[in-house]
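S.K.: Structure incoming, see below.
The values are calculated or read from the model by the stated rules, or taken from the named source; none is laboratory data. Quick caveat: nothing in here was measured; it's all calculated off a predicted structure. Positions of Cβ are generated from backbone atoms using ideal geometry, with glycine treated the same way; all protein chains shown enter the neighbour counts. Note: accessible area is taken over every heavy atom of the protein model, side chains too, but ligands, DNA and RNA are not part of it. Shrake-Rupley method; radii C 1.70, N 1.55, O 1.52, S 1.80 Å.
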Amino acid sequence: MRTRKPAETRKTEIVDATLRLADELGPERLSTEAVANVVGLTQPGIFRHFPTKQDLWSAVAERIGTMMETRWAKAQEARATPSEQIGKLVTAQLQLIQSTPAIPAILFSRELHTKNKVLRKAFFALLSRFHRVVADLAARAKEAGELRADLDPDDAAYLIIGLIQGLAVRWSISGRGFDLAQEGRRLLEIQLTALSDQKAAKRKGMQP
């Protein structure tokens, strides 16, 4: 006799399947029928848990947001300088993208940019929160003399986030042919050096 799974378990399975298919098929080609086939349900079974496809995409955005924010918080727990925490934050974000390649697929999709206003707003809010986290760390790094005194923390955050986004695109179109987190650490070190207070670094005996 077939065992009926709890609703929350089914919802988790459906969101997991949607994330996998968003990577394998692309967000534009993803259908509730394909999701139903993966989890062993009928389409009406999917709609019992998510009445509309929009509801399903909203649950996917919420899942991605939870995964990101959990990693952001963990990266900031470490006892480290603000610049080192920025490095841990960027590494955590890139590791998540590498382990969940549906994220860049969704972020750069037509589904997000032109078709799904609710999804676009959800991701814009998530990226805005990430920007705030990075900017706050940049402000602390500036106060600690690790970054230039004339640097706007918001600008620093935009540059760092741009590095992540550019790397995600290159990683994706290259066939995922390199270690995303490792390359990110290398390029971030160059970027932070360029943004650093060179005079302060020399006074502390640091290498630029």
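S.K.: Around residue 18, with a cut-off of 13 angstrom between Cβ atoms, what is the net charge of the other residues, counting Lys and Arg +1 and Asp and Glu -1?
M.R.: -2
S.K.: Here is a further query. Taking all protein chains in place and a 1.4 Å probe, what share, in percent, of the accessible surface of the range 49-114 do carbon and sulfur account for?
M.R.: 51 percent
S.K.: Counting alpha carbon pairs within less than 8 Å and at least 6 residues apart, what relative contact order, in whole percent, applies to the range 50-128?
M.R.: It comes to 36 percent, rounded to a whole number.
S.K.: Using 0.36 nm times the number of residues separating residue 154 and residue 121, minus their current alpha carbon distance, what extension gain do you get?
M.R.: 9.8 nm
S.K.: Of the chain, which part is the longest with no chymotrypsin sites (Phe, Trp or Tyr not before Pro) in a loop (DSSP not H, G, I, E, B) and with at most 16 other C-beta atoms within 10 angstrom?
M.R.: After excluding every exposed loop site, the longest remaining stretch is 1-107.
S.K.: Write down the accessible area per residue of the chain in Å², having rolled a 1.4 Å probe over the full set of protein chains.
M.R.: About 55 Å² of surface per residue is accessible.
S.K.: Moving on. Would you mind pulling out the separation of the Cα centroids of the range 115-151 and the range 15-72, in Å?
M.R.: Going from one Cα centre to the other spans 27 Å.
S.K.: When all protein chains stay in place, what accessible area (Å², nearest 10, 1.4 Å probe) is found for residue 55?
M.R.: For residue 55, the solvent-accessible surface is approximately 60 Å².
S.K.: May I pose another question? Just to check I understand the Karplus step: with θ = phi - 60° and J = 6.51 cos²θ - 1.76 cosθ + 1.60, what whole-Hz values come out for the range 58-70, glycine and proline as x?
M.R.: 5, 5, 5, 4, 5, 4, 4, x, 5, 4, 5, 5, 4
S.K.: Further, regarding this structure: What range in the chain is the longest one free of trypsin sites (Lys or Arg not before Pro) that are in a loop by DSSP and have at most 16 other Cβ atoms within 10 angstrom?
M.R.: It runs 80-175.
S.K.: About its Cα centre, what dipole magnitude does the chain give when the only charges are +1 on Lys and Arg Cβ and -1 on Asp and Glu Cβ, stated in debye to the nearest 20?
M.R.: Value, rounded to 20: 320 debye.
S.K.: Further, regarding this structure: For every other residue with a beta carbon closer than 10 angstrom to the beta carbon of residue 91, add +1 if it is Lys or Arg and -1 if Asp or Glu, then tell me the sum.
M.R.: Residues near residue 91 contribute +3 overall.
S.K.: From the phi of every residue in the range 171-185, what ³J(HN,Hα) in whole Hz does the Karplus formula 6.51 cos²θ - 1.76 cosθ + 1.60 yield, where θ is phi - 60° and glycine or proline is x?
M.R.: 4, 5, 7, 8, x, 6, x, 8, 6, 5, 5, 5, 5, x, 4
S.K.: Ok, one more. Give me the one-decimal nm value for the distance between modelled label points at residue 29 and residue 132, 7 Å along each residue's Cα-to-Cβ direction.
M.R.: Simple spin-label model gives 3.8 nm for this pair.
S.K.: May I pose another question? Give me the net charge of residue 114's neighbourhood, meaning all other residues with Cβ under 14 Å from the Cβ of residue 114; Lys, Arg count +1, Asp, Glu -1.
M.R.: +3
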